[in-house]
Amino acid sequence: MKVLVVDTDQISRMVVEQCVSVLGHETLHADNGKHGLAYAKDNNVDLIFMDEEMSDINAPVATKVLRTIKNDDWIPIVYLTNRTEADFYRNGMLAGADAYLQKPLNPSYLQLQITAMERISIMRKKLLAQEALVKANNYLIRLAMIDQITGLGNRRNFEKMLFREFNLAKREKTTLALLMCDLDLFKAYNDTYGHQEGDSCLKHIAEAITETITRPADLACRFGGDEFAVILPRTDLIGSLRIAEKIRQAVYNKDILINDSKDHRVTLSVGLAHFSGQYKNQDELIKAADTALYKAKKKGRNRIEKA
């Protein structure tokens with residue numbers, strides 16, 4: 001362990017250091033409360049021995065400050081004191097102290113206290129390691145659900161969310177809209193400007209879509225290639241058509257130039273399928289939106305068609 005001793009009395013610090021060293025731990029020194037707090041703020045320590053009679057700051061106040069600094073990371077704090085009154089003990093414990101040792105320090109008691117606090121330190125480190133592992137796993141899960149080029153949800157994310165939202169809408173008899181969106185003449189754009197510019201174009205399209213959908217429940221995903229999908233839970237047909245048009249217009253307003261298009265800019269075709277109980281599963285919903293998208297392409301692109 002790294003053991004921080006915060007005490008104005010050098011002799012007390014040396015006694016603690018000797019006991020800490022015998023048990024194989026490292027001692028760190030601070031000769032007043034402010035120095036101790038500054039060190040604990042910027043460094044990792046496993047145990048703190050704190051003099052109750054520091055001249056510059058009250059021990060319970062220092063403890064409260066330390067608990068605030070470390071937030072949920074609980075570092076054991078043991079007071080070193082000459083006092084014995086009940087009110088003092090109560091105030092210290094309520095401030096966040098874990099134990100007391102009477103001065104003059106008894107080396108045997110001190111070593112036993114260090115051993116007891118080491119058990120807490122070991123448990124703390126295990127919990128921190130588990131927390132770090134959970135955070136890392138959650139990060140990897142999020143990473144596995146994100147398209148790396150656009151930052152939108154990926155195909156896996158889309159399938160998972162659509163399955164959940166479709167079954168929720170079916171069970172609760174609510175509505176669900178699905179937009180399948182495809183860039184017009186994107187192959188020509190890639191062939192003309194290269195794949196790097198093509199990726200940049202996809203990012204701009206993703207921005208246009210995310211700037212349009214504002215509800216937390218709505219989800220935009222890259223379905224694959226130059227195709228995007230937008231899931232709109234609890235949205236009626238008129239509302240979903242309005243959002244589809246806003247997305248189409250937002251892409252148009254990005255003004256991404258391409259010579260092969262009659263508009264001389266990248267445009268978006270949208271197929272809309274609206275569920276209000278008529279489809280058996282999410283696959284039928286996807287197929288309906290895809291069919292509508294095909295109609296939009298066939299009728300001249302840069303338009304919206306509904307199933």
Identity of the residue in the stretch 1-18, in contact with a Phe, Trp or Tyr (Cβ under 9 Å, 6 or more places away or on another chain) and not in a loop (DSSP other than H, G, I, E, B), that ends up nearest to residue 121 (Cα to Cα) | 3
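Here is a yes/no grid of residues against (1) outside the structural domain of residue 179 (by TED's automatic domain parsing); (2) buried (at least 23 other Cβ atoms within 10 Å of the Cβ); (3) of a type in the set (S, T, N, Q); (4) touching a strand residue (DSSP E or B) at 6+ places or on another chain (Cβ under 7 Å):
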{"site": "209", "(1), (2), (3), (4)": "no, yes, no, yes"}
{"site": "212", "(1), (2), (3), (4)": "no, no, yes, no"}
{"site": "221", "(1), (2), (3), (4)": "no, yes, no, yes"}
{"site": "225", "(1), (2), (3), (4)": "no, no, no, no"}
{"site": "244", "(1), (2), (3), (4)": "no, yes, no, yes"}
{"site": "249", "(1), (2), (3), (4)": "no, no, yes, no"}
Residue check for residue 57: touching a helix residue (DSSP H, G or I) at 6+ places or on another chain (Cβ under 9 Å) and closer than 19 Å to residue 122 by Cα = no
If only one of 21, 55 is of a type outside the set (Lys, Arg), surrounded by fewer than 22 Cβ atoms within 10 Å (Cβ to Cβ), in the same structural domain as residue 122 (by TED's automatic domain parsing) and modelled with pLDDT of 90 or more, which one is it?
-> 21
Filtered residues of the stretch 171-200 (kept if of a type in the set (Asp, Glu), surrounded by fewer than 16 Cβ atoms within 10 Å (Cβ to Cβ) and closer than 28 Å to residue 254 by Cβ) = 191, 197, 199
Among the candidates 162, 168, 133, single out the residue that is surrounded by 13 or more Cβ atoms within 10 Å (Cβ to Cβ) and out of contact with any helix residue (DSSP H, G or I) (no Cβ under 9 Å at 6 or more places or on another chain).
-> 168
Which ranges mark the strands (runs of 3 or more DSSP E) fully within the stretch 206-295 that have 3 or more residues being in contact with a Ser or Thr (Cβ under 7 Å, 6 or more places away or on another chain)?
-> 268-275
Enumeration of residues in the stretch 261-307 that are crowded, with 16+ Cβ neighbours inside 10 Å and polar (S, T, N, Q) | 261, 267, 269, 282, 302
Total residues in the stretch 297-307, condition modelled with pLDDT of 95 or more and part of a helix (DSSP H, G or I) | 0
Given (1) surrounded by fewer than 18 Cβ atoms within 10 Å (Cβ to Cβ); (2) touching a residue at least 60 places away in the same chain (Cβ under 8 Å), where does residue 34 come up short, assuming only one miss?
-> (2)
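The values are calculated or read from the model by the stated rules, or taken from the named source; none is laboratory data. What you see is a predicted model, and the numbers here were worked out from it, not measured in a lab. When we count neighbours, we look across all protein chains shown, and the Cβ atoms used for this are built from the backbone with ideal geometry, even at glycine.
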